[in-house]
1. Return Cys326, Cys113, Cys211 ranked ascending by Cβ neighbour count within 10 Å, so the fewest neighbours appear first.
2. Write down the Å³ per residue value for the convex hull defined by the alpha carbon atoms of the stretch 373-477.
3. Once you have the Cα-Cα distance between Gln137 and Arg402, take 0.36 nm times their residue separation minus that, and quote the gain in nm to one decimal.
4. In the chain, once you exclude exposed trypsin sites (Lys or Arg not before Pro) (DSSP loop, at most 16 other Cβ within 10 angstrom), what's the longest stretch remaining?
5. Show me, for the stretch 468-481, the HN-Hα J-couplings you get by feeding each phi into the Karplus relation (A = 6.51, B = -1.76, C = 1.60, θ = phi - 60°), rounded to Hz, glycine and proline as x.
6. Amide H neighbours of Lys75 under 5 Å, counting only residues 5+ apart in sequence or on other chains, H built in-plane at 1.01 Å?
7. For the chain, with only Lys/Arg (+1) and Asp/Glu (-1) charged at the beta-carbon, what is the dipole magnitude about the Cα centre, in debye rounded to 20?
8. What list of ³J(HN,Hα) values in whole Hz, one per residue of the stretch 440-453 in order, does the Karplus curve 6.51 cos²θ - 1.76 cosθ + 1.60 (θ = phi - 60°) give from phi, with Gly and Pro shown as x?
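Nothing in this text is a laboratory measurement; each read-out follows from the coordinates by a stated rule. For clarity, every value in this text was computed on a predicted model and none was experimentally measured. Here Cβ is always computed from backbone atoms with ideal geometry, including for glycine, and neighbour counts include all displayed protein chains.
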Amino acid sequence: MQHIAIIGGGTAGWMTACLLQQRWRERGIAVTLVESAEIGTVGVGEGSTPYLRRFFATLGIAERDWMPACDATYKCGIRFPGWSSVPGYESYFHPFFNEADRELGNQFFTNACLRRRGQAADANPQDFFLAAELARQRRAPIYAGDGPGTDYAYHFDAGKLGAFLRTHAVGLGVRHIVDTVARVEQRENGDMAAVHLKNGARIAAELFVDCSGFKGLLINETLGEPFLPFRDNLFNDRAIAIPTPLVDGEDIPSETVSTALRHGWAWQIPLTSRYGNGYVYSSDFVSDDDAERELRAHLGAAAEGATSRRLRMRVGRVEQHWRQNCVAVGLAQGFIEPLEATALMLIQFSIEDLIAALEGDGFGRGRQADYNRRVNEMFEGVRDYVVAHYQLNTRRDTDYWRANRANRHISARLASLLDVWDRGGDFEAELERHGSALMYLRPSWYALFAGMGRFPADLRAAPQTLTAAQARQRLRQMAQAFRSHRGHLSVG
Ligand SMILES: Cc1cc2nc3c(=O)[nH]c(=O)nc-3n(C[C@H](O)[C@H](O)[C@H](O)COP(=O)(O)OP(=O)(O)OC[C@H]3O[C@@H](n4cnc5c(N)ncnc54)[C@H](O)[C@@H]3O)c2cc1C
């Protein structure tokens, strides 16, 4: 292989360009990225999972170099208000886990198991994990002095991250062409030979990476690869984004907030320059205008006069991400709605796996089937975790939430996890049975099931356990060792 062409200059295109060029420039493989000036990027996607740290580490880029350039902040986890109406569980926190969590975290698992079996014990994760306390105190997940390992993710301005990665990729040697692909030339065997640009240029390559966004220019429109919609259990297909200003002098939050509204949920993502907000909802249940009214009411005075952007989401995945000599990455390969901010993680994993597959068989295509199986497994694993939020909701206000709760179109795996949890069975063994295919680790599943208050209503007295108040007291002390978020970001 001598030449790789990437079509699309959104976050997916530039992440792919950086990783491939970094990895293979010594081998003399050239990378070209083509992006259209006429077709914009999706312009959202501002929260990450902790795996983005590995992405920057692979590229050798330090936080101090990229974070200020992208208005980035730290993310300790996600808070979920309004998803559950169970007393004591009206809001919960999905934390990123820290080494310091070992003791209180174990206490949380113990309490959740007691509660699951009908014994009265406090089991809301927001009371037991350090990340939740750091977020409450608006601290950065960074120790002021030395401390054990912490895990965290980021928020960032999507446009600025794209620009930063573009500069980095071009610095590494990626050739950047701004033009629109007008036609794709295929060989007799179905492989792609070249893309023809509007200005007349012909870009030939051995491998094409389709990063063209929701339309899937190469994978769907050219190769005709089927798209598998996830509509049967992920109803949301629209989003409205509205930015709001930061409050002067206020500490910057170190969490994403995902608040359940009447027909979906609203995100709030803090950057150093503004808040990114948006409403993800289902067009089967609410009109765009009503959704915008609801979002504006939710945001209050801060959103007065702010312009909105309306987006359609193609939720689902292609059946084969790698077909012929084309690999789809990013929105072109699929998208699970952004509730757990997993899209960039799936992009990163897809490229990392592609590198391993291509190197593993000497740049042939022997590992194509394995690759497709693995990427599909990742998508289905994340899908189960996101679908579980909707299954577990206990809101009663709208048909949207009732339909989500009553929906029986869930995977056998998720059905089995719910069944074992509800029966008070061996949840640990059930998690182990599914292994890495679950994508989310044990603490995340516990945080979600317990955090939504999925427990029997009738409770008996439990043996003495650590209470939420006692755990919080310990967390408050532990959090003192961490830096203030605004202070650490050196803003204001
Ligand atoms: C509402 C919403 C919220 C989201 N929130 C998150 C989040 O919190 N965290 C997260 O990880 N992800 C999130 N995402 C997903 C994230 O935005 C995307 O995964 C990410 O931006 C990558 O997009 P992309 O590069 O695949 O596509 P795009 O940004 O759409 O880029 C497509 C590129 O293809 C180019 N192109 C298209 N056609 C042609 C052509 N004919 N010729 C040349 N170029 C062409 C365009 O010019 C553009 O450069 C969210 C998505 C949505 C919709």
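1. Result, fewest neighbours first: Cys113, Cys326, Cys211.
2. 158
3. Full extension of this stretch gives 91.9 nm more.
4. No qualifying site falls inside 1-116, the longest such stretch.
5. My calculation for the stretch 468-481 gives 4, 4, 5, 5, 4, 4, 5, 4, 4, 5, 4, 5, 4, 7 Hz in order.
6. Excluding prolines and chain starts, which carry no amide H, the hits are Ala153, Tyr154, His155.
7. Value, rounded to 20: 340 debye.
8. Values per residue, Gly and Pro as x: 9, 7, 3, x, 5, 5, 4, 4, 6, 5, 6, x, 7, x Hz.
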